[in-house]
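S.K.: My questions all concern the structure below.
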Amino acid sequence: MAASGMAASGPAAPGAAAAAPAWAASPAVPAVRLVAGFAGFGAGSVNLAIASSFFAAAAGPAQPLGLAAGAAAALWGTALLAGAIVFLAKEPAAGGRRVRYALGGAAAVHVAAIAFAAPRTSGLNLTQLSALLLTLMIIASLGWLGRTEARREGGPRAGSGTAGSVRPGRLLAAAFAGAVLVAGIATPGLAASTAGQYAVPHGEHGNLAPAGHHQR
């Protein structure tokens, strides 16, 4: 009986040990990290565009509320850009609870800005929506990475080298798809901001009028 029990339980151990290396070699982890980093760049840029719109609207009469909103958006956009650079360069953890709370708070602010938009700021609804979608993309990516990291730490040690087993072609395809997705969300938001409305169309950057202004 004991021998048969050992024989029945023996073959299961190699399979369980092999499952961990298979997870560690998954190409999804570096791909999702790239998507999260790209979304951070996009969200940071869109928040800076929101800040410029608030500053432009508050350029006339004294509007401390608009200036405060612009300053908050500028600081948050800068933090997102810096965080994305560190996240992609240093490969830190998926993000602590404070990071997720900050991102969740930012998403709530974007929702409130859309739902309770004043007539003066209703033109930023598309920009706020772009920032919201990119923020939710970051939250979803970090959440998936956090759960995956927790499963790896709770299971058998599989060693390091998650990104080493990824085929370069697949990683490049994932990077391209993530960049296209982020650009498709961020571009309309940037175009709807004040900075986008005054942007010079492509092909006219070097066409200057005698007075020094761009020709239309």
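The values are calculated or read from the model by the stated rules, or taken from the named source; none is laboratory data. Here the structure is a predicted model, which is why all the values come from computation and not from measurement. We place every Cβ from the backbone using ideal geometry, glycine too, and count neighbours over all the protein chains shown. We work out accessible area using only protein heavy atoms, side chains counted, and drop any ligands, DNA or RNA first. Shrake-Rupley method; radii C 1.70, N 1.55, O 1.52, S 1.80 Å.
S.K.: Just to be sure, is Leu126 in contact with a Pro (Cβ under 7 Å, 6 or more places away or on another chain), surrounded by fewer than 20 Cβ atoms within 10 Å (Cβ to Cβ) and of a type outside the set (Asp, Glu)?
M.R.: Criteria met by Leu126.
S.K.: How many residues are assigned to a helix (DSSP H, G or I) and either modelled with pLDDT of 90 or more or loosely packed, with under 14 Cβ neighbours inside 10 Å (or both) when one looks only at the stretch 190-213?
M.R.: 3
S.K.: Between a first residue in the stretch 172-198 that is farther than 16 Å from Thr135 by Cβ and a second residue that is surrounded by fewer than 17 Cβ atoms within 10 Å (Cβ to Cβ) and of a type in the set (Gly, Ala, Ser), which pairs have beta carbons less than 7 Å apart while being 6 or more apart in sequence or on different chains?
M.R.: Pairs found: Ala192/Gly123; Thr194/Ala56.
S.K.: Does Gly70 satisfy the condition of being part of a helix (DSSP H, G or I), crowded, with 18+ Cβ neighbours inside 10 Å, touching a Gly at 6+ places or on another chain (Cβ under 7 Å) and at pLDDT 80 or above?
M.R.: So Gly70 fails the test.
S.K.: Being without any contact (Cβ under 8 Å) to a residue 12 or more places away in the chain, open to solvent by 20 Å² or more (accessible area, probe 1.4 Å) and either under 13 Å from Thr127 (Cβ atoms) or of a type outside the set (S, T, N, Q) (or both) narrows it down to one of Leu81, Leu65, Leu48, so name that one.
M.R.: Sole residue among the options that is without any contact (Cβ under 8 Å) to a residue 12 or more places away in the chain, open to solvent by 20 Å² or more (accessible area, probe 1.4 Å) and either under 13 Å from Thr127 (Cβ atoms) or of a type outside the set (S, T, N, Q) (or both): Leu65.
S.K.: Now for a different question. Val35 is checked against (1) modelled with pLDDT of 95 or more; (2) under 26 Å from Leu145 (Cα atoms) and fails just one. What number does that condition carry?
M.R.: Val35 satisfies every listed condition except (1).
S.K.: Just checking, which of Thr135, Thr187 is modelled with pLDDT of 85 or more and surrounded by fewer than 17 Cβ atoms within 10 Å (Cβ to Cβ)?
M.R.: One residue alone meets the criteria, Thr187.
S.K.: For the condition modelled with pLDDT under 90, closer than 22 Å to Gly37 by Cα and over 15 Å from the mean Cα position of the chain (by Cα), what is the one hit in Arg216, Arg170?
M.R.: Arg170
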